[in-house]
Every structure is written in C-alpha cells, then in structure tokens.
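If you scroll down you'll find the structure; I have some questions about it.
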Amino acid sequence: MNYAPKTVGENIDKWHVDTLRYDYVMFVTDPTRQKGGEFQYFKGTKSEAETARNKGIPLPAEKIVSPKMPGAGYAIMQQGNMVVHRGAKLNEPYDRVTMVNAYVPLDTELDDPSRFSDLKTVDPHQLLFPEWARHKAWLSRGKLNRLIEKLPFTDDKDLIINELKGAIRDVETAIKDLNDSSEGEQNYYGDLEKEK
C-alpha cells in the first residue's frame, strides 16, 4: 500500500523501478478527485534515467506519460523492474492510496531482478527475511529439479560442478544478503524535473 505524504508538493515517490518483474499499481482512492498525484512513467530506458540522474538533469518532459485513470479500482500493469515510474506530487491535500501487487514467473531459470537492499528499507524484517529465504530456496529448488531430471550422463566434471553451482546460486545469494548487516538502500533515479 502506498500513501501520499502529508506535505503537499512533495513527490509521492521518486523515479524508480520496482524490485520484481511484473506488478500492477491499482488506485484504491478515486484519482479523478485528486489534484496532482498522477502515476507517471518514463517512456525511455533505465539507462537514460540513470544518465539524467548522474548528470543532474531532468527527465525530458516529452517522455513523461501520465495516464488518465477513470476511477478507483483501475490499475496499470507493468514490467516493474524495467519501467521507470513514480507517483507525482499532489497539488492539494488528498488521501491518495494505491496498492501494488507483484508477481514472479514460474520459470525459475529466469534471472531474478529482486533487490534485497531495497526491500530491507521498507518491509518488516521478521516477514522479509523468511520470505526472502523461501523465495530464493524456491528458485534453487526449480533449478535442482531440472538438474535431477535432465543432467546428462557424462564424465565432464566441470559441467556437473557448474550445473550444481548454478542450481544453488540463489540460496548462496540469500545467505549473503541475510548476513549483510547494512540498513539497505533504495535505488532511486531521484526527483529530477523542470521547475515551473
């Protein structure tokens, strides 16, 4: 659930990409009744947004899209880890609420774009830590199942070792993440915009 800040004129969220491959942003409150606070996406790449951030320049206004949402209950589905987006600032006080629901593909062979560091800053650790372990264990289990079913008979030890290492890489990543005592950090592209 995302809630608008109490300060009018403060962006609801900075430009960012999400930590999961697919998600939707659904308006819980009626967006036609709010002034400002649009869901916006950048019609460009993450690389372009990162270049703008590093140069301290605003994203090109002609590449910022603010879809008109007809009312509460409508949602935008997106490839969350690829689409640079944000919640813009409200121009008047309003209880703007959105709900984000995310999905992972069933194909455990795909790269996992999830970023533990981002999640550490927002999710309660007593929920995040076991869920992170489950998620990474599920990915490894899928890779191990494939290995059990399809590993060819061979005397190529290097191939077998590499297959085993690849199958448990996600679990090793989870162990490394959970051992990291840093507070975490969200990966933002900032609030870059032209002043009006």
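Grab the Cα-Cα distance for residue 65 and residue 101, subtract it from 0.36 nm times how many residues apart they are, and report the gain in nm with one decimal.
10.8 nm
Evaluate segment 22-75: find the radius of gyration of its Cα atoms, find its Kirkwood radius, and give the ratio Rg to Rh.
1.06
Same structure again: For the pair residue 51/residue 22, report the inter-label distance in nm, with labels modelled 7 Å from Cα in the Cβ direction.
3.1
When all alpha-carbon pairs of segment 116-179 are counted, what percent fall beyond 20 Å?
The proportion of pairs with Cα distances above 20 Å equals 38 percent.
Tally Lys and Arg at +1 and Asp and Glu at -1 over the other residues with C-beta under 12 Å from the C-beta of residue 132: what net charge comes out?
Values: positive: 115, 120, 134, 136, 176; negative: 112, 118, 123, 131, 170, 177, 180.
It works out to a net charge of -2.
Report relative contact order for the chain in percent, whole number only (criteria: Cα-Cα under 8 Å, sequence separation at least 6).
For the chain, the relative contact order is 33 percent.
Of 46, 143, 68, which is the most mobile in a GNM of the chain whose springs link Cα atoms less than 10 angstrom apart?
Fluctuation is largest for 68.
Still on this structure, please answer the following. Give me a comma-separated list of calculated 3J(HN,Hα) values for segment 77-82, in order, Karplus coefficients 6.51, -1.76, 1.60 applied at θ = phi - 60°, integers in Hz, x for any Gly or Pro.
8, 8, 7, x, 7, 10
With N denoting the number of residues in the chain, provide Rg(C-alpha) divided by 2.2 N^0.38 Å, to two decimal places.
Dividing the Cα radius of gyration by 2.2 N^0.38 Å gives 1.24.
All of the numbers you see were taken from the coordinates with simple rules; none came from a lab. Everything numeric here is computed off the predicted structure, so don't read it as measured data. When we count neighbours, we look across all protein chains shown, and the Cβ atoms used for this are built from the backbone with ideal geometry, even at glycine.
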